[in-house]
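Notes to accompany the following structure.
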Amino acid sequence: MKKMLFILVVLLITFAVVIPAAAGNGPGGGGKGGGGTGQGQQGTRGTFAITGTIAAIGTNTVSINVIRGNKLVQPYLGTELTVTVTSRTRYLNKDGTTTSAIGFADLKVGQPVSVHGTLAENVWVTSRITVGASLSCLPLP
């Protein structure tokens with residue numbers, strides 16, 4: 001009976017140590033795609049979706065006035081967020097029911113856009129920018 005009780009206690013202690021470590025998935029916790037709420041927090045990563053207007057255009061960046069966004073973007077509503085564009089970024093123009101490919105040079109300040117990409121190491125990297133997307137969540141002018 002004592003051996004059985006000893007084995008049970010050892011198993012409980014093992015599970016108590018292993019389960020929280022596995023749930024954290026490394027330093028900072030949160031697992032894949034999870035984690036904090038701000039740019040200043042290390043380990044924040046995941047996929048983002050932003051709805052807003054173009055505030056400025058740099059050589060490899062686009063600044064967006066954030067109006068709406070997914071959970072990762074929520075802390076930045078009402079602010080200007082700079083996203084990085086790469087050679088793999090796709091640029092689309094949606095005109096009613098037709099969607100066509102455009103280039104970086106076709107982007108203009110003030111255009112309503114939908115931006116999707118990933119956040120890792122505090123760098124917002126876009127995979128797609130869509131101009132003229134159906135932005136029903138935007139307030140009327």
Candidates Thr82, Thr59, Thr86 - the one that is at negative phi and part of a strand (DSSP E or B): Thr82
Under the condition of being of a type in the set (Ser, Thr, Tyr) and under 13 Å from Ile129 (Cα atoms), which residue from the range 49-81 is surrounded by the fewest Cβ atoms within 10 Å (Cβ to Cβ)? Thr61
Would you confirm, using the coordinates I've provided, whether Ala105 is small (Gly, Ala, Ser) and part of a strand (DSSP E or B)? no
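FYI, it's all coordinate maths here, none of it is from the lab. On a predicted model such as this, the values are computed, not experimentally measured, just so you know. FYI the Cβ positions are ideal-geometry reconstructions off the backbone, even for glycines, and counts take in every protein chain you see.
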